[in-house]
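Notes follow the structure.
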Amino acid sequence: MIDFYTYPGPNSRKAQIMLEEAGAEYTVRNVDITRGEQFAPGFLKISPNNKIPAIVDHTPAGPVAVFETAAILLYLAESSGRLLPTEPTARANTMAWLIWGTSSLGGALPQLHHFVDSPEKLPSAIERFTSDCVRMFKVQEKRLSEVEFLAGDYSVADIPSFCSTAGWLQRVKDLSNGALGDTPSTERWLKAVGKRAAVRKVMAG
């Protein structure tokens, strides 16, 4: 059984989709970050960076705590034997796109969100992060014009980028004033990933 520490948001959706894809039995433990519960001593033992999501896997050998979204996705893929190739080249490629989705695309979009929705507008910051997100969505579009999924076959690598793209692709297009342009391969991929049972369940709330 896994304890899943969560609060509504894209990173939690990424972890929960992988929990579902892994067929894991899990209990949801809400951490209300608006009340500072992420700073509670008990939670900090699980997630020292005071961020959600986090998990505790109660294994026969003892509890295993995992924090950081990419680490959670990798742990669940490895422990379940699902969505992560074992062949070295395919595995490295999958891990590269997974980390790209969590750190590059998944890191820039929250920054854009912060500056776009801040009451005090900083045009230079908005322009900088819009440009960065446009560049990364173009990287993703090019990749998906060459392969069906980010690592070739559907894998753990698709999950973080799907959650980020589903929430922000259209908004980045609007902010870019045409710089991003059409993304037919990305839209095809969004539909394909969105049809998966685990994804439908989590995205429906």
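Assorted remarks:
- Hits in the range 180-205 - residues which are touching a Ser or Thr at 6+ places or on another chain (Cβ under 8 Å) and among the small types (Gly, Ala, Ser): 185
- Residue 72 touching a residue at least 12 places away in the same chain (Cβ under 8 Å), assigned by TED's automatic domain parsing to the domain that holds residue 165 and either of a type in the set (Asp, Glu) or in a helix (DSSP H, G or I) (or both): no
- Members of the range 13-47 that are in a loop (DSSP other than H, G, I, E, B) and either touching an Asp or Glu at 6+ places or on another chain (Cβ under 7 Å) or surrounded by 12 or more Cβ atoms within 10 Å (Cβ to Cβ) (or both): 22, 24, 31, 40, 47
- Residue in the range 95-105 that is part of a strand (DSSP E or B) and either among the hydroxyl-bearing types (Ser, Thr, Tyr) or under 20 Å from residue 72 (Cα atoms) (or both) present: no
- Any hit, the range 124-132, residues being touching an Asp or Glu at 6+ places or on another chain (Cβ under 7 Å), farther than 21 Å from residue 18 by Cα and either modelled with pLDDT of 95 or more or outside the structural domain of residue 69 (by TED's automatic domain parsing) (or both): no
- Residue that is surrounded by the most Cβ atoms within 10 Å (Cβ to Cβ), among those in the range 95-124 that are aliphatic (A, V, I, L, M) and under 26 Å from residue 151 (Cβ atoms): 98
- Residue, farthest from residue 163 (Cα to Cα), within the range 7-52, restricted to residues that are in contact with a strand residue (DSSP E or B) (Cβ under 6 Å, 6 or more places away or on another chain) and touching a residue at least 40 places away in the same chain (Cβ under 8 Å): 46
- Counted residues, the range 154-205 - those being of a type in the set (Asp, Glu) and assigned to a loop (DSSP other than H, G, I, E, B): 1
- Which listed residue is small (Gly, Ala, Ser) and without any contact (Cβ under 8 Å) to a residue 24 or more places away in the chain, from 167, 178: 178
- Residue check: residue 89 meets all listed conditions (1) over 21 Å from residue 172 (Cβ atoms); (2) β-branched (Val, Ile, Thr); (3) assigned to a helix (DSSP H, G or I); (4) touching a residue at least 12 places away in the same chain (Cβ under 8 Å) but one, namely (4).
- Considering the range 145-162, and only residues there that are touching a helix residue (DSSP H, G or I) at 6+ places or on another chain (Cβ under 6 Å) and surrounded by fewer than 23 Cβ atoms within 10 Å (Cβ to Cβ), the residue that is farthest from residue 76 (Cα to Cα) turns out to be 145.
A quick yes/no check of all residues on (1) under 23 Å from residue 71 (Cα atoms); (2) touching a residue at least 24 places away in the same chain (Cβ under 8 Å); (3) of a type in the set (Val, Ile, Thr):
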| position | (1), (2), (3) |
| --- | --- |
| 130 | no, yes, yes |
| 136 | yes, yes, no |
| 158 | yes, yes, no |
| 163 | yes, yes, no |
| 172 | no, yes, yes |
| 182 | no, no, no |
| 185 | no, yes, no |
| 189 | no, yes, no |
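The values are calculated or read from the model by the stated rules, or taken from the named source; none is laboratory data. This one's a predicted model, so the numbers in the text were calculated from it and none came from an experiment. Here Cβ is always computed from backbone atoms with ideal geometry, including for glycine, and neighbour counts include all displayed protein chains.
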